[in-house]
1. Please verify whether TYR141 is among the hydroxyl-bearing types (Ser, Thr, Tyr), crowded, with 20+ Cβ neighbours inside 10 Å and at pLDDT 95 or above, treating the condition exactly as stated.
2. Determine which member of the set ASP142, ASP123, ASP131 is touching a helix residue (DSSP H, G or I) at 6+ places or on another chain (Cβ under 6 Å), free of Cβ contacts under 8 Å to residues at least 60 places away in the same chain and of a type in the set (Asp, Glu).
3. Of all the residues that make up segment 52-85, how many are among the hydrophobic types (A, V, I, L, M, F, W, C), buried (at least 17 other Cβ atoms within 10 Å of the Cβ) and part of a helix (DSSP H, G or I)?
4. Give me the residue from segment 163-213 that is in a loop (DSSP other than H, G, I, E, B) and in contact with a Gly (Cβ under 9 Å, 6 or more places away or on another chain) and, out of that set, nearest to THR130 (Cα to Cα).
5. Being touching a helix residue (DSSP H, G or I) at 6+ places or on another chain (Cβ under 8 Å) and within 24 Å of ASP46 (Cβ to Cβ) is the requirement here; does ARG156 meet it?
6. In this structure, is THR157 surrounded by 15 or more Cβ atoms within 10 Å (Cβ to Cβ) and touching a His at 6+ places or on another chain (Cβ under 7 Å)?
7. Restricting to segment 89-113, name every residue that is crowded, with 16+ Cβ neighbours inside 10 Å and without any contact (Cβ under 8 Å) to a residue 40 or more places away in the chain.
8. Could you check segment 119-165 and list, in sequence order, the residues that are basic (Lys, Arg) and within 17 Å of VAL103 (Cβ to Cβ)?
Amino acid sequence: MTELRPWERGDHEARWNGYFINPDATVLRNLLGVEDALVLADAENDLVEYRIAELRELPGLVRRSFDLLHLQALHRQLFQDVYEWAGELRTVGLAKGGGESFVPPASIWMPVDHVAQRVRESDYLRSMTTDELVLEVAYLYDYLNYAHPFREGNGRTQREFFSQLLAKSGRSLDWRLIGMGELHGACHTARNDGDLELLVRVIHAVLVDRAEN
């Protein structure tokens, strides 16, 4: 029988602390042996950028099923050099300081399954007008944000997921066209206030044409 890892055993507090290098630290356990949060953030960014470039070069590394398995495979691809739990669903509840809470761990599959179903029913968003597409992507983006499947790295995984989805209709989302603060603020408003307007504006601003890989 495989022994449970620190973030898999005990009550919520024990699992929460288990993700960190020690209970008094604010640095997540990592494969790099880094104990400084800023150093880890820099290293993580560099390694994830490398793995994104690798994925763009070899798109077959991740099967594009646009479901929970797809999200997990993307997360594993992006964070495999940084976290032992890359690609694994979080075992603890998460909430942002601004107020919004994300779905409990046992229910992560539910919003993701809803997104996957809508994606299939819309033929991967191929037949939508630009206005319809923007509204649908904002709606789906908010749903996946609510799922927040992973302990860390949700935003980058989600952005790559939608870039792959939009490629099905010859489009993509160019996040360089806005500041990440705008996206985070729009996601906060959508989740905390139930208002998608800012997120719709953000999606409209970053939507671009691009041939499918």
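The values are calculated or read from the model by the stated rules, or taken from the named source; none is laboratory data. Fair warning: this is a prediction, and the values are worked out from it, not measured in the lab. Counting neighbours? That spans all protein chains shown, and the Cβs are built from the backbone with ideal geometry, glycine included.
1. When the stated conditions are applied, TYR141 passes them.
2. Answer to the selection: ASP142.
3. Within segment 52-85, residues that are among the hydrophobic types (A, V, I, L, M, F, W, C), buried (at least 17 other Cβ atoms within 10 Å of the Cβ) and part of a helix (DSSP H, G or I) number 8.
4. ARG210
5. yes
6. Yes.
7. PRO105, PRO111, listed by residue number.
8. If the condition is that a residue be basic (Lys, Arg) and within 17 Å of VAL103 (Cβ to Cβ), then ARG151 is the only one that fits.
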